[in-house]
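Written out below as structure tokens is the structure these notes cover.
The values are calculated or read from the model by the stated rules, or taken from the named source; none is laboratory data. What you see is a predicted model, and the numbers here were worked out from it, not measured in a lab. For neighbour counting, all protein chains shown are included, and Cβ atoms are generated from backbone atoms with ideal geometry for every residue, glycine included. For the accessible areas, the whole protein counts, side chains as well, though only heavy atoms, and no ligand, DNA or RNA atoms are used. Shrake-Rupley method; radii C 1.70, N 1.55, O 1.52, S 1.80 Å.
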Amino acid sequence: MDLKYDIYSIKNAEGSGKTRQYVRLTLNDTMSADELKTKIQQRCTLTKGDVAAVLSELHDIAVQEFSMGRRLYVPELGYFSLSLGLEMPEDNPNKKITGKEVRLRGINFRPEASLLKEVDRNIHFYRSEYSSRSTIYEEEKLWKKLLEYFEKNRYITVKWMRIEFGLTRYMAQKWLDHFIEKGLLIKDGTPRSPTYFLASDGCGSYHTSK
């Protein structure tokens, strides 16, 4: 099957003069739960009710296993495990880390090598002819614009990063992660509603290295 992709770039990444490129798959519609049940029913002797019961049990088992700190292995698919992160208080970012600062960030998935090989045999990639591209910035230029934004605003979100600078959600998040990695921004808030602040040394002149 032919799958569309697009290319996004960060110019002058790390002040090196080089362009860092990212590839993103153009996703199609998500398979619904009802579609999944129907497809499984068509391939075996299980009814849609049977499939629903199995999926419900799988959910309960996953919750139980994750709650015990275990990985979950689904045969022929792969391994699922918890992903953790830290949320340090803004007024005391160097405080001693306790369990209160540890947050559940998400769930990792590591697919079976055989699954990847099977999928790889069935797909072919081609570049999208039409795409909602982000405005392309050089790293230093975008950082200067961010500093101007922070002169009037205490923090920024992915939503406002998109609105203010003409970026897609994907590139807005990429740039925010990029500036966090450089130590210029810090992340706060909750996993579902993150906010981004200037780091203590981020309000001065632009740095080309961490």
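Exactly one residue out of Arg110, Arg121 is more than 21 Å from the chain's Cα centre (by Cα) and charged (D, E, K, R), and it is Arg121.
Within the stretch 40-69, residues that are more than 13 Å from Phe80 (Cβ to Cβ) and part of a helix (DSSP H, G or I) reach partners that are open to solvent by 60 Å² or more (accessible area, probe 1.4 Å) and among the small types (Gly, Ala, Ser) with beta carbons closer than 9 Å, at six or more positions or on different chains, in the pairs Ala52/Ala33; Leu55/Ala33.
Taking the stretch 134-189 and the helices (runs of 4 or more DSSP H) fully enclosed by it, the elements with 3 or more residues that are open to solvent by 90 Å² or more (accessible area, probe 1.4 Å) and on the phi < 0 side of the Ramachandran plot are at 139-150, 158-165. Just one of the listed residues (Ala62, Ala52) is more than 30 Å from Ile136 (Cβ to Cβ), in contact with a Leu (Cβ under 8 Å, 6 or more places away or on another chain) and surrounded by 14 or more Cβ atoms within 10 Å (Cβ to Cβ), namely Ala62.
Please determine, by comparing only the residues of the stretch 70-108 that are among the charged types (D, E, K, R) and in contact (Cβ under 8 Å) with a residue 60 or more places away in the chain, which one is least open to solvent (accessible area, probe 1.4 Å). In this case the residue turns out to be Glu87. Restricting the stretch 21-39 to residues that are part of a helix (DSSP H, G or I) and of a type in the set (Lys, Arg), which is surrounded by the fewest Cβ atoms within 10 Å (Cβ to Cβ)? If we take residues in the stretch 21-39 being part of a helix (DSSP H, G or I) and of a type in the set (Lys, Arg), then Lys39 is surrounded by the fewest Cβ atoms within 10 Å (Cβ to Cβ).
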